[in-house]
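A short worksheet on the structure shown next.
The values are calculated or read from the model by the stated rules, or taken from the named source; none is laboratory data. Source: prediction; values computed, not measured. Positions of Cβ are generated from backbone atoms using ideal geometry, with glycine treated the same way; all protein chains shown enter the neighbour counts. With ligands, DNA and RNA removed, areas are computed over all heavy atoms of the protein, side chains included. Shrake-Rupley method; radii C 1.70, N 1.55, O 1.52, S 1.80 Å.
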Amino acid sequence: MKQLDDIINYYLKTDSNYAVMITGDWGIGKTYYYKNVLAKQIKETITFQNARKKYKPIIVSLFGLSSIEEIQTEIFLSLFPLLKNKTIKLGASIGKSLVKGILKLKGLGEYGEIISQTETNTNDWINFNEIVLCFDDFERLSNKLSIEELIGFINSLVENESIKVIVLANEDKIPKENYHALKEKVIGNTIEFIQDISQTYDSLIQIKFSGFSEYRKFLELHKNLTLEIFGRASNNIRILSFILDYFHTIYSGYITSLPQNDILREYESEVFPRILKFTIAVGCLYKLGSISFKRRENIEEFAFFDLDDLILDGRTPKKIKTDDEKTIREKFIEKYYKDDLYKFFSSIYDFITGGATFDSNTLISELKSHFHIQENAIPIAYETYNKLGYPVVFALKDSEYIALTRQMLGFADDGNYDPQNAVTIFYFATRFGNPLNLNLEKLERRIIKGLYKGVDSYKYVASLDMHLRIDDASEHPEHLKKIRAVAIEINNSLMQEITNEKYRGIEELYKNDIDQFIGKLIDKKDNYYYEPVLESFSIRKFYSFFLNASGEIKWKINGLFKHRYPEHPYSGLKTEVHFLEGLLQRIDKKIESLPSKGLNSFVFNDFSKILKQSIERLKS
């Protein structure tokens, strides 16, 4: 940045009749640097024409301006903050009649007194030649104003009024027609803005978080980590500022909500880098338009085995995809978690993407799940497991690694690890060339046996089949897949127990209060709207109820299915297709025995039509 500062300093101190352009990509920090660094430098610089005066910088955004008159208005309105001292007046060179006309046009005629009068001391006048005028967003003009007009106006300022003009622009985005020829007439020097992200970061946190000393110290401590992760995707200062603002809420909420005696406080050296990385990664994806609250691109999936890219263990590398072939999720994991185990935090994702306010208690629960904390303690089995995770495993000696791996397998024998950890147990035990020389078939059976042994202590994990993804290019995929199948089978049985208990009451409800039942299944504010309730229902019993119900209740049930499955139904209801198909089969069979006309026939045919449409929508 010193070169840029020196060039601007030279420009201010020499006689000139040209403007200076600072060019660079959008969001790279040009405007921020001008306002927070160059403007201060300009204020301390003596004017070329009067050694008793210093320059007064003003900045005007050209974004959307459609005429020279609008630009002139913005210039004069930008001068108002400089005129708080009533002894200071606009000098005659500004053009009194033009100023008065603009003020009147804007309904600001009362400001007419700011124009110099003959009795005003000329030393107190602000003249054009002591103004440094910065035009921002040069490339974002309204298409109603031609570049020829704008550059002609700037030319009159620098030649006729001796104003120092600095233009901030992304030169690559300026329409090329006549631009280069016109540029030669006005722009004397074009400076490429080369971002000093380290200096900008320091300035940013000092200005934005000057009143939050604890958070500012945190950002200073984690500067290298923040910039390293952020730099993997962007150099846009606006995005960085957005992320730091949102993480301030996350950081403060976590600090204030976590009890002082909570064991998580002992893991802050791991917690903060992990949630900071996730916030930066998701923030970049969101601001760059790759994801949204609803469009998640599957990044909520776990990534147990993406680490195969880190350590190939001597096997043949899998085929490398081109960037065009990779999904957003694959790029996300590769960019941010290639050397780390991945954890998705819904509390942070929903907050960053605008889906919910930040809930610190949810984040604390997610972290406790990640670190396997139970009743404010980490079971010894998971202490061992955590020590074997990436990247902390590389701090171990070979002898320590082997001893911990044996301990881990002992805990697995006793069923001390949850089903979602089973495939990782196998992976941890066999990586690095299988240093324990384990028989893979026996290890597979050993882990499965341990899974069944611990079944009474497990809790259901939503969408485990989706989360436990195993790449065919992983080492020993056939063993991993068999372990995965058992883990999912056990998890599904846990879900079935929960479902049977939870939905038993709602299944009885339609027999006793059909209106309340329908309300629960079509009201978006009710959890049952998003849950595959009908999946566990008895098709025979529901059909029998419909068959014996009054015509009025039948019609209400038709409406239930019509509203539960709109044109784009909630994807979580897909498993209800089996229930709908079974019900449709019975309805269509009944229609065959009904008269072709009449109310009852009409209701049954309408129900058949709604069921077919609902099935089609769920399947598509």
Any residue that is without any contact (Cβ under 8 Å) to a residue 24 or more places away in the chain, among the charged types (D, E, K, R) and in a loop (DSSP other than H, G, I, E, B) - is there at least one of those in region 141-159?
no
Residue set Tyr201, Tyr215; condition closer than 24 Å to Asp6 by Cα, at pLDDT 90 or above and assigned to a helix (DSSP H, G or I); output residue Tyr201
Consider Gly572 carefully, then state whether it is within 21 Å of Ser620 (Cβ to Cβ), in contact with an Asp or Glu (Cβ under 8 Å, 6 or more places away or on another chain) and either part of a loop (DSSP other than H, G, I, E, B) or of a type outside the set (A, V, I, L, M) (or both).
yes
Of the listed residues (Ile207, Ile239), the one being among the β-branched types (Val, Ile, Thr), in contact (Cβ under 8 Å) with a residue 60 or more places away in the chain and loosely packed, with under 14 Cβ neighbours inside 10 Å is Ile207
Taking the criterion of being of a type in the set (Gly, Ala, Ser) and open to solvent by 50 Å² or more (accessible area, probe 1.4 Å), would at least one residue in region 572-591 satisfy it? no
Residue count, region 201-252, condition within 16 Å of the chain's Cα centre (by Cα), closer than 27 Å to Thr362 by Cα and among the small types (Gly, Ala, Ser), comes to 1
Being closer than 20 Å to Ile197 by Cα and not in a helix (DSSP H, G or I) narrows Ser241, Ser234 down to just Ser234
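For (1) open to solvent by 30 Å² or more (accessible area, probe 1.4 Å); (2) basic (Lys, Arg); (3) farther than 19 Å from Ser198 by Cβ, each residue gets a yes or a no:
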{"position": "Lys2", "(1), (2), (3)": "yes, yes, no"}
{"position": "Ile8", "(1), (2), (3)": "no, no, yes"}
{"position": "Lys13", "(1), (2), (3)": "yes, yes, yes"}
{"position": "Asn17", "(1), (2), (3)": "yes, no, yes"}
{"position": "Gly24", "(1), (2), (3)": "no, no, no"}
{"position": "Gln49", "(1), (2), (3)": "yes, no, yes"}
Given the criteria open to solvent by less than 70 Å² (accessible area, probe 1.4 Å), aromatic (Phe, Trp, Tyr) and not in a loop (DSSP other than H, G, I, E, B), does Tyr385 qualify? yes
Filter region 430-445 for residues that are part of a helix (DSSP H, G or I) and open to solvent by less than 90 Å² (accessible area, probe 1.4 Å); the one that is nearest to Leu480 (Cα to Cα) is Glu444
Residue hits (region 426-450; touching a residue at least 24 places away in the same chain (Cβ under 8 Å) and under 26 Å from Asp340 (Cβ atoms)) are Phe426, Tyr427, Phe428, Ala429, Thr430, Arg431, Phe432, Gly433, Pro435, Leu436, Leu443, Ile447
Tell me, yes or no, whether region 399-417 has at least one residue that is loosely packed, with under 14 Cβ neighbours inside 10 Å, out of contact with any Gly (no Cβ under 8 Å at 6 or more places or on another chain), hydroxyl-bearing (Ser, Thr, Tyr) and at pLDDT 90 or above.
yes
Filtering helices (runs of 4 or more DSSP H) wholly in region 454-561 for at least 3 residues that are surrounded by 14 or more Cβ atoms within 10 Å (Cβ to Cβ), at pLDDT 90 or above and within 41 Å of the chain's Cα centre (by Cα) gives 477-512, 514-522
Exactly one of Ser292, Ser257 is open to solvent by less than 70 Å² (accessible area, probe 1.4 Å) and at pLDDT 95 or above, and that one is Ser257
Quick count over region 44-61, residues being at pLDDT 90 or above and outside any strand (DSSP E or B), is 3
Task: Some residue of region 170-177 being in a strand (DSSP E or B) and either farther than 30 Å from Glu228 by Cα or touching a strand residue (DSSP E or B) at 6+ places or on another chain (Cβ under 8 Å) (or both) - done: no
When restricted to Arg617, Arg586, Arg564, the only residue modelled with pLDDT of 95 or more and basic (Lys, Arg) is Arg586
